[in-house]
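Okay, structure first, notes after.
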Amino acid sequence: MLKKTALSVPNVYEIKTVKQNVFLYVDNDQTQAENIALIKNAIKKKHGDGFVYKVYGVFNGKVDLSQNKTDEEKMKDDYFTLGKKDITDEEVAEFKAKNNL
C-alpha cells in the first residue's frame, strides 16, 4: 500500500524490491533529500501519521542509514565501502536505459 502511494507520485519509478526495501528512481532535478521529503509527504498526505516507515537515500550502492554523516565520513565507514551493494550503478543504468530516462 505505501509502495503504491510512492509510485503514484509523478516521475517516481520502482527499480526493484528486495525483502522490505523498495528501490525507487525519481526522474527530476531535485536533490536526494528533496525527493525523500516528496515521497514521505505523499505517504503522510494519503495515509496520515499512523504508519511506521522509513525513506532512505542510497550512498555508494548501500541504503544510507547515516544521512547525517558527510560523504567523506561515509567513505571511511566499512558499511559503505565493503560487502555487497544493495543496488549497483549498473542496475540503475540498465533501468534508466530500459525506461528511456
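The values are calculated or read from the model by the stated rules, or taken from the named source; none is laboratory data. Computed from a prediction, not measured in an experiment: that's the story for all the values here. Counting neighbours? That spans all protein chains shown, and the Cβs are built from the backbone with ideal geometry, glycine included. Heads up: the accessible areas ignore ligands, DNA and RNA and are worked out on the full protein's heavy atoms, side chains in. Shrake-Rupley method; radii C 1.70, N 1.55, O 1.52, S 1.80 Å.
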Exercise. Taking a probe of 1.4 angstrom, what is the accessible area of T17 in Å², to the nearest 10?
Worked result: 60
For this session: Set Lys and Arg Cβ to +1 and Asp and Glu Cβ to -1, take the dipole of the chain about its Cα centre, and tell me which of N21, Y56, M1 lies farthest positive.
Result: M1
Exercise. Calculated from DSSP H runs of 4 or more alone, at -39500 (n - 2.57) each and per residue, what is the 222 nm mean residue ellipticity of the chain, nearest 500?
Worked result: -11000 deg cm²/dmol
Exercise. In the chain, what percent of the accessible surface is made up of carbon and sulfur (1.4 Å probe, ligands and nucleic acids excluded)?
Worked result: 50
Exercise. How big is the gap, in Å, between the Cα center of the range 20-49 and the Cα center of the range 77-101?
Worked result: 19
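Averaged per residue, what accessible surface does the chain expose to a 1.4 Å probe, in Å²? Numbers along the way, then the final one.
Details: 7260 Å² over 101 residues.
Solvent-accessible surface per residue comes out at 72 Å².
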Exercise. Once you have the alpha carbon radius of gyration of the chain, what is it after dividing by 2.2 N^0.38 Å, with N set to its residue count?
Worked result: 1.11
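Calculate the FRET efficiency for K44 and L65 from the Cβ-Cβ distance with a Förster distance of 30 Å, rounded to the nearest 0.05. Kindly include the intermediate steps, with their values, before the conclusion.
Working: r = 21 Å, r/R0 = 0.69.
For K44 and L65, the calculated efficiency is 0.90.
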